Amino acid sequence: MVVVNFGKRSGSAWAGQVVAAKDTVVSLGVTPSSKAIVGLYRMYVAEKDPNTNFTCCSTPGTRYSEVMSFLWEFPVSKGEVRRAADPSESALNIQSLSSQFEEGVLDACIYIMDACRMPIHNRGDVVKMVRTASALINSQDDNGVLIGNWSDDFSMGTPPTTWTGSVSILQKYHNSGAPVSFAQCWVYAGVLNTFLRCLGIPSRVVTNFNSAHDNTGNLKTELIFKPDGTPDRHKTQDSIWNFHCWNEAFMKRVDLPPKYSGWQVVDATPQETNDRYFRCGPAPVIAIRDGELCHPFDCRFVFAEVNSDLIHMKSDKYGNMTPFKVDTSYVGQFIYTKSLSSWRPEDITRTYKHPEGLLTQLYMSCDQRLAQEGDWRKCESAGSLADQQTMALAEQYGCSRDRSDWPASSLSIQIATQASYYLKGYVGDPLRVSVTFYNQSETIKSVKVYMEISSTYYTGVVASDPLKVEDFRIDLDAFQSSIKMFELSPQEYVSQLGSNSNLEVTVTGQTDDVEVSEVKTIALKLPPLNITLSGRPQVNRDMYVMVSFTNTLGFPLTDTKLAMEGAGLLETQLYNYRTIPPMGQISHKVGFRPTKPGLQTLLVVLDCDNLPDMMAMVEVKVMP
């Protein structure tokens with residue numbers, strides 16, 4: 001029970017204000033406490049007449065939602081964290097791209113908290129709210145919102161690539177009370193983003209490229225090779241995801257010193273359990289950057305995702321493993337989020353990691369002054385020193401790294417794809433791969449080479465047996481290089497792609513005294529999806545969207561689905577097509593009426609069984 005006083009009476013945590021009074025109508029303003037419980041309230045009014053006693057009247061049909069309790073102003077000024085004077089100020093940049101304002105979303109978010117029986121008093125604590133949310137969005141152990149599926153069989157639900165937004169997912173969960181099928185990391189992140197923003201917690205989706213999934217919890221992600229140089233998929237337990245999506249939530253960490261307030265990593269994708277549940281965060285981004293991994297929650301796990309060393313191990317016939325290559329910069333190469341008021345990515349890598357001493361990374365703000373002064377060496381060493389200090393501190397908190405002193409190898413490999421004016425790297429084109437071998441020693445090297453090309457999931461897991469295998473020997477003169485070319489025909493790889501467009505090339509080389517290996521992931525391009533808008537872009541005026549696609553590939557697309565959605569424009573639409581033959585065309589025209597003014601975004605996805613989703617979007621400036 002919260003008492004709100006008006007007029008001259010004071011003492012309530014919630015502030016009351018008489019906004020206006022005219023005739024028999026009085027307008028009142030209520031400002032909730034920043035520690036208010038997020039949820040639905042029923043209002044009771046008590047009025048006192050000087051000539052009579054109190055009169056209490058309940059308003060049974062009236063309830064209002066207090067969901068802005070945790071809305072903070074950002075970006076932060078001088079390290080301070082402040083409440084926004086007007087919640088709409090913080091929402092301006094997210095209305096056109098998120099679903100938190102759509103009808104039914106708030107009720108669904110409240111239902112999610114009720115479904116897990118989250119204690120009412122915890123709903124006034126932003127740290128507990130966010131931590132609970134990361135567990136609730138997945139259904140791994142608590143009957144939460146989404147069921148994960150990283151296979152190619154989505155026959156019992158909706159493929160993760162088909163979803164166009166969070167509204168239909170949240171509404172479906174609210175209406176049925178059962179977890180929704182299916183999700184992968186970007187779906188978890190999108191739904192958690194809507195959930196947090198709906199409750200007034202600023203959040204954004206973050207993508208980490210080459211993200212380590214380290215099952216042992218240290219800083220060693222190990223790729224294991226057999227004695228003959230072939231990858232040992234059975235023994236390799238760790239994996240490098242081509243990308244992984246999580247969220248950052250902006251909040252004040254009252255449980256930690258002020259330094260750690262601000263952006264916090266929160267991840268709803270079920271990877272590892274923490275306190276009995278599959279959840280992750282909130283972990284202060286600044287603590288991850290500086291290696292201060294003793295703070296709650298899950299800093300060590302996130303630190304490994306962006307900093308793990310990639311170690312190539314060779315197993316002998318007795319099962320003993322020896323490292324022969326360590327790559328300290330492969331993991332966490334780029335960390336992106338969406339820019340404000342733009343679809344361009346914003347590089348936030350330096351909020352997670354100090355520069356590793358590379359001149360190409362001197363754009364970091366703390367190094368720009370040194371770079372402008374022309375002291376490149378000092379600038380480079382400064383970045384390198386900060387990174388070294390971070391890694392040293394992380395090791396004090398239990399992270400283990402490979403400390404071997406590796407001499408420079410006399411043999412190296414470089415993998416590249418070849419494109420020409422008629423081969424642009426599209427799915428359905430022949431794939432041409434060049435492998436260059438460099439001998440940097442004074443002696444002739446006879447190298448035994450093994451190469452394989454495999455279709456992989458974005459999680460780094462191989463989806464099938466190798467599509468192409470080459471086993472040969474090459475002789476290299478002193479300080480010489482040699483290039484080998486390989487071609488993979490569409491018939492060899494297209495049927496194995498499934499819902500993946502990634503191919504992984506693995507090459508190992510062995511001499512009498514040197515072992516070397518290289519792995520490269522190739523992302524193939526997809527045919528374009530065309531969108532045409534017509535009609536007057538004005539609220540409640542008729543508009544039309546025409547979506548067209550031509551299958552320029554040399555194979556049919558099966559079980560094709562067309563989905564479209566736009567907040568303030570069009571509710572989720574889904575259309576099924578059985579098969580689109582080679583050079584076959586589809587076109588679909590849909591009418592709609594915009595319901596909100598401003599810059600809105602329409603998203604269209606074409607998904608099928610044997611090819612990843614093709615996506616296109618268009619922005620619409622809707623007039624009032």
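Within segment 516-537, residues that are of a type in the set (Ser, Thr, Tyr) sit with their Cβ atoms under 8 Å from residues that are in a loop (DSSP other than H, G, I, E, B), at 6+ positions apart or across chains, in these pairs: SER517/GLY229.
On the given criteria, is GLY291 more than 17 Å from GLY460 (Cβ to Cβ), among the small types (Gly, Ala, Ser) and without any contact (Cβ under 8 Å) to a residue 24 or more places away in the chain? For GLY291, the condition - more than 17 Å from GLY460 (Cβ to Cβ), among the small types (Gly, Ala, Ser) and without any contact (Cβ under 8 Å) to a residue 24 or more places away in the chain - is not met.
Residues in segment 179-197 that are over 13 Å from the mean Cα position of the chain (by Cα) and open to solvent by less than 10 Å² (accessible area, probe 1.4 Å): VAL180, THR194, PHE195, LEU196.
Taking first residues from segment 223-248 that are touching a residue at least 12 places away in the same chain (Cβ under 8 Å) and more than 19 Å from GLU272 (Cβ to Cβ) and partners that are open to solvent by 20 Å² or more (accessible area, probe 1.4 Å) and outside any strand (DSSP E or B), the Cβ contacts under 8 Å between residues at least 6 apart in sequence or on separate chains come to LEU223/THR236; ILE224/LYS235; ILE224/THR236; PRO227/ASP316; PRO227/LYS317; ASP232/LYS226; ASN242/GLY460. Number of residues in segment 440-454 that are in contact with a strand residue (DSSP E or B) (Cβ under 8 Å, 6 or more places away or on another chain) and either of a type in the set (Val, Ile, Thr) or farther than 14 Å from SER517 by Cα (or both): the value is 9. Listed by first and then second residue, the pairs linking a residue in segment 441-454 that is touching a residue at least 24 places away in the same chain (Cβ under 8 Å) and open to solvent by less than 10 Å² (accessible area, probe 1.4 Å) to a residue that is assigned to a strand (DSSP E or B) and of a type in the set (Phe, Trp, Tyr), with Cβ atoms under 6 Å apart and 6 or more places separating them unless they lie on different chains, are VAL449/PHE472. Filtered by the rule that a residue be under 20 Å from GLY104 (Cα atoms), open to solvent by less than 60 Å² (accessible area, probe 1.4 Å) and not small (Gly, Ala, Ser), segment 535-571 gives MET564, GLU565, LEU569, LEU570.
Selection of segment 250-266 for residues being part of a strand (DSSP E or B), open to solvent by less than 20 Å² (accessible area, probe 1.4 Å) and touching a helix residue (DSSP H, G or I) at 6+ places or on another chain (Cβ under 6 Å) yields MET251, VAL265, VAL266.
The set of residues in segment 271-282 that are over 18 Å from LEU196 (Cα atoms) and open to solvent by less than 30 Å² (accessible area, probe 1.4 Å) contains only GLN271.
The set of residues in segment 200-222 that are over 15 Å from ASN307 (Cα atoms) and either open to solvent by 20 Å² or more (accessible area, probe 1.4 Å) or free of Cβ contacts under 8 Å to residues at least 24 places away in the same chain (or both) comprises ARG204, VAL205. Count of segment 260-288 residues, restricted to those that are without any contact (Cβ under 8 Å) to a residue 60 or more places away in the chain and either closer than 18 Å to CYS185 by Cβ or of a type outside the set (A, V, I, L, M) (or both), is 8. Looking across ASN149, ASN143, ASN138, one residue alone is in contact (Cβ under 8 Å) with a residue 12 or more places away in the chain, of a type in the set (S, T, N, Q) and either open to solvent by 30 Å² or more (accessible area, probe 1.4 Å) or in contact with a Cys (Cβ under 7 Å, 6 or more places away or on another chain) (or both). It is ASN143. On inspection, ASP402 does not qualify as outside any helix (DSSP H, G or I), acidic (Asp, Glu), open to solvent by less than 40 Å² (accessible area, probe 1.4 Å) and at pLDDT 75 or above. Only residues that are over 30 Å from the mean Cα position of the chain (by Cα) and of a type in the set (S, T, N, Q) were counted across segment 551-574, and they come to 1. Taken over segment 29-70, the residue count meeting the criterion of being modelled with pLDDT under 75, open to solvent by 60 Å² or more (accessible area, probe 1.4 Å) and among the aromatic types (Phe, Trp, Tyr) is 2.
The values are calculated or read from the model by the stated rules, or taken from the named source; none is laboratory data. What you see is a predicted model; the values in this text were computed from it and never measured. Here the Cβ is made from the backbone with ideal geometry for all residues, glycine too, and neighbour counts use every protein chain on show. Quick note on the areas: whole protein, heavy atoms, side chains included, nothing else; ligands and nucleic acids left out. Shrake-Rupley method; radii C 1.70, N 1.55, O 1.52, S 1.80 Å.
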